[in-house]
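Heads up, the thing below is written out as structure tokens.
The values are calculated or read from the model by the stated rules, or taken from the named source; none is laboratory data. Small disclaimer: the values here were computed from a predicted structure and weren't measured. Cβ sites come from the backbone with ideal geometry, for glycine too, and all protein chains shown count toward neighbours. Just so you know, the surface numbers come from the protein's heavy atoms only, side chains and all, with ligands and any DNA or RNA stripped out. Shrake-Rupley method; radii C 1.70, N 1.55, O 1.52, S 1.80 Å.
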Amino acid sequence: MASDSADSRPVLRAVLNVVVGFLDVLRALHRIPFDAARWLRLRYVWLKPRPGDIYISTFPKSGTTWMQQIVYQLLTRGRGEYEHILQVAPFLEELILSPRAEQVLDGLETPRILKTHMKYGFLRPPPDSRIIYVTRAAPDALVSRYTHNCVMTGLRLDFDRFVHKVLRKDEWGEHLASWWPHRADANVLHVRYADLVADREGCLRRIGAFLGVPVADEDLPLLMEKTGFEYMKQHDARFDPRTVVYEPREPGAGFINKGGVGRGKPALKPEHRARLDAQFQAVRRKLGITEDAI
């Protein structure tokens, strides 16, 4: 019996690789104007900039989540709580995709904390906003990004191929070139990831002064605890990008629901029940099954 493995079909493998690659290029080209239009809608219609909005701008895996936690805890004197960090510091590029983005942005308390990886020219932050620009050494960001992508895809990606792809695009260099000229702007605070690691207390005081919330000595122990890696590790689910939560969940909500039988129909409107029943009866008759077979 002939083998059905991919290696036994080299021509088919080559053809399909070319076809998929070509379609990927077409999809990317198609998405460019679509994504641009959605960003413009978010930026100029839904965002409604407020004086004092706080933007956390980074290249991916450069301490973004850490800075979200730092800023929120500074604003709340270390007493801030939430189900997920994105409830209090949403990710603008993700909100582009959400039909409830406007409600999420409108519902945030002032000053709003907004996370972004966008280049300066795309973001165009208002002059009355405050921006914390975090940089990290390229090799550290690259390796951290590889680990992140493995976690997000659930796959152990080929490291060499991943690095080659990242270097070919030079996204790190482009992002740096976009933001670096603005690092000393009056409304920008440049923070090095290495400094956060070496002197977190000093960085907390510096960031607090920039945001107008000086660190009080009595708040420092709690701030140091809440912004430490040990605390964030203990509360990993609050920062996990795979469990994004922008709005508070109902009490007891989670992946495993209540289960049970007969709870569905009462939850539906009469017109929805009627339509669903008509669809079910049609497919039941077509397949020749009884009503209680499912």
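Bridgeable lysines around K61 (alpha carbons under 26 Å apart, same-chain partners fewer than 8 residues away excluded): K115, K119, K165, K169, K226, K233. Against the criterion of solvent-accessible heavy-atom surface with a 1.4 angstrom probe, T135, T243, T116 sort, most first, into T243, T135, T116. Annotation note: GluC sites (Glu not before Pro) in region 75-143 located in DSSP loop regions with a Cβ neighbour count of at most 16 within 10 Å are E81, E83, E109.
Taken over the chain, the alpha-carbon convex hull comes to 235 cubic angstrom per residue. With q set to 0.13, 0.21, 0.22 Å⁻¹, the log10 of I(q)/I(0) for region 126-248, from the Debye formula over equal scatterers at the Cα positions, is -0.77, -1.33, -1.33. An oblate overall shape is assigned to region 64-135, the ratio a/c of its alpha-carbon gyration tensor axes (a ≥ b ≥ c) being 1.5 or greater and a/b not exceeding b/c. Here D160 sits with roughly 110 square angstrom of accessible surface, probe radius 1.4 Å. For region 114-186, the solvent-accessible area with a 1.4 angstrom probe is 61 square angstrom per residue. Short-range pairs are left out: with C-alpha atoms under 8 Å and at least six residues apart, the relative contact order of region 53-152 is 51 percent.
For L155, the solvent-accessible surface with a 1.4 Å probe is about 100 Å², rounded to the nearest 10.
Find which of I32, L16, L95 sits farthest along the positive direction of the dipole of the chain, computed with +1 on the beta-carbon of Lys and Arg, -1 on that of Asp and Glu, about the Cα centre. Final value for the positive-end residue is L16. Once backbone amide H atoms are built at 1.01 Å from N, S129 has G52 as its partners under 5 Å, excluding neighbours fewer than 5 places away on the same chain. For K269, the solvent-accessible surface computed with a 1.4 Å probe is close to 120 Å², ligands and nucleic acids excluded. Along its three principal directions, the equivalent ellipsoid of region 61-210 from the Cα gyration tensor extends over semi-axes of 25, 20, 17 Å, largest first. The portion of the accessible surface of region 40-125 made up by carbon and sulfur, rounded to a whole percent, is 55 (1.4 Å probe; DNA, RNA and ligands excluded). As a ratio to 2.2 N^0.38 Å, the alpha-carbon radius of gyration for region 181-223 is 1.25.
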